[in-house]
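A.B. asks: Handing you a structure now.
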Amino acid sequence: MFRRTLRAFGSQPQGVIGLGLLLVWLILALSATQLVPYDPLEQGLPPARAGDSPVRQAPSSLYWFGTDELGRDVLSRVLAGAHISLALGFISVSIGLVAGTALGLLAGFYGGWVDGIVMRAMDALLAFPGILLALVVIAALGTSIQNVMIAVGIAIVPQYARLVRGLCLTIRELAYVEAAHVVGSGPVRLIFRHFLPNIVPPLIVLSTLQIGQAIIYGSALSFLGMGAQPPTPEWGLIAAKGRDFFRKAWWISTFPSLAILSVVLAFNLLGDGLRGLLDPRMRMVRVTGQQNS
């Protein structure tokens, strides 16, 4: 079973590429303290060439990504910021996953007025763009990386609630679920025995894609000054601080932006691969295509 799953995943090249890129970033994030060539907070590092200014030094053999406006090594700050951005993505999505799944289960399982109340609340949240909703939450809670995680988590709750609710409405009509209900299975048993196992695969796919979205939201909030605060080496904040010097010191904003791009791309590719592996409709299309060929 496990080997068959690995072979099936190996047939999804985009998923393999995404997983490989993600593993590289996870290793860098976990090993950042040993890998960073300089203290990411140390200012005024010695210039690569005698007589040069220590600030805004161009990329060189001494400072691969150059230095920023305060003379800090950009490579060290990008590596140190990897665990912040990844943690933001995972924690934010965990918040949205737990809350959205619970609300979706309530709406889809019980239906009626419970469904009406929950989904009207989700529709109200969906009326706001995700980043705007996160900004409103940040304005209420205050600016910090922890509050960014909460805000982004709240912003993605409706996507989970709507997905789970739709799946539950379908599962509820299945013959074996109706039979289990007739023989006296209670709500808890039905949910854990029949509903949750059937909604896990779509949730895995959605969560993988949402982590990339959460990292974009978190970086955007930090870029706007509503997230991580100086001197935290967070990618969005690093890019924001370098925008004023972009013409003469393009590297300050470019390298953290490329880091954001590569991580988001990794999660999107992995999500596409998992969707092809776990989505029955995608599996059917793949099998049909193989038979026709």
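Just so it is clear, none of the values below were taken in a lab; they were calculated from the coordinates. The structure presented is a predicted model; accordingly, all values stated were derived computationally and were not measured. Positions of Cβ are backbone-derived with ideal geometry, glycine not excepted, and every protein chain shown enters the neighbour counts.
A.B. asks: Which ³J(HN,Hα) values in Hz, rounded to whole numbers, follow from the phi angles of segment 31-48 under the Karplus curve 6.51 cos²θ - 1.76 cosθ + 1.60, where θ = phi - 60° and Gly and Pro get x?
C.D. replies: 10, 4, 4, 8, 8, 4, x, 9, 5, x, 9, 6, 9, x, 4, x, x, 5
A.B. asks: Which helices, taking whole DSSP H runs in the chain, have alpha carbons extending 30 angstrom or more along the helix axis plus mean Kyte-Doolittle at least 0.0? Could you put the intermediate results ahead of the total?
C.D. replies: Working: long enough: 74-110 (53 Å, 1.67); 196-223 (39 Å, 1.28); 251-278 (40 Å, 1.38).
Passing helices, by number: 74-110, 196-223, 251-278.
A.B. asks: Let me ask something additional. Skipping prolines and chain starts, which residues have an amide H placed within reach, meaning under 5 Å, of the one on residue 228, given they are 5 or more residues away or on another chain?
C.D. replies: Here the answer is 222, since their amide H atoms fall under 5 Å of that of residue 228.
A.B. asks: Follow-up. Report the charge-dipole magnitude of segment 1-104 in Debye, nearest 20, computed about the Cα centre from +1 at each Lys and Arg Cβ and -1 at each Asp and Glu Cβ.
C.D. replies: It works out to roughly 620 debye.
A.B. asks: I would also like to ask the following. Of the options 81, 18, 43, report the single residue whose Cα projects farthest towards the positive end of the charge dipole of segment 1-104 (beta-carbon charges: Lys, Arg +1; Asp, Glu -1).
C.D. replies: Ranked along the dipole, the leading option is 18.
A.B. asks: If you don't mind, there's one more thing I want to ask. Quick one: order 4, 275 by neighbouring beta-carbon count within 10 Å, fewest to most.
C.D. replies: 4, 275
A.B. asks: Using the Cα gyration tensor of segment 1-69, with a ≥ b ≥ c the square roots of its eigenvalues, what is the shape: rounded (a/c below 1.5), prolate (a/b larger than b/c) or oblate (neither)?
C.D. replies: prolate
A.B. asks: Which order do peptides 237-248, 89-100, 118-129 fall in by mean Cβ count within 10 Å, highest first?
C.D. replies: Top to bottom by mean Cβ count within 10 Å: 89-100, 237-248, 118-129.
A.B. asks: Nearest 500 deg cm²/dmol is fine: what mean residue ellipticity at 222 nm does the chain get from its DSSP H runs of n ≥ 4 alone, each adding -39,500 (n - 2.57), divided by its residue count?
C.D. replies: -23500 deg cm²/dmol
A.B. asks: In debye to the nearest 20, how big a dipole does segment 114-254 give about its Cα centre with +1 on each Lys and Arg Cβ and -1 on each Asp and Glu Cβ?
C.D. replies: Dipole about the Cα centre, nearest 20: 260 debye.
A.B. asks: Something else: When the dipole is taken about the Cα centre of the chain, and only Lys, Arg (+1) and Asp, Glu (-1) are charged at their Cβ, what size is it in debye, to the nearest 20? Kindly include the intermediate steps, with their values, before the conclusion.
C.D. replies: Values: 21 positive and 14 negative charges, 153 e Å.
I would put it at about 740 debye.
A.B. asks: Could you point to the residue in 164, 258, 148 farthest towards the positive end of the chain's charge dipole, with +1 and -1 charges on the Cβ of Lys/Arg and Asp/Glu respectively?
C.D. replies: Result: 164, furthest along the dipole toward the positive end.
A.B. asks: Defining a contact as two alpha carbons under 8 Å apart and six or more residues distant in sequence, what relative contact order in percent does segment 1-122 show? Walk me through the numbers before you get to the answer.
C.D. replies: Working: 109 pairs, mean separation 22.0, N = 122.
This gives 18 percent for segment 1-122.
A.B. asks: Cα centroid distance between segment 23-48 and segment 162-185, in Å?
C.D. replies: Rounded to whole Å, the Cα centres lie 51 Å apart.
A.B. asks: Computed from these coordinates, which is volume of the Cα convex hull per residue in Å³: (i) 173; (ii) 147; (iii) 133?
C.D. replies: Computing volume of the Cα convex hull per residue in Å³ and matching it to (i) 173; (ii) 147; (iii) 133 gives (i).
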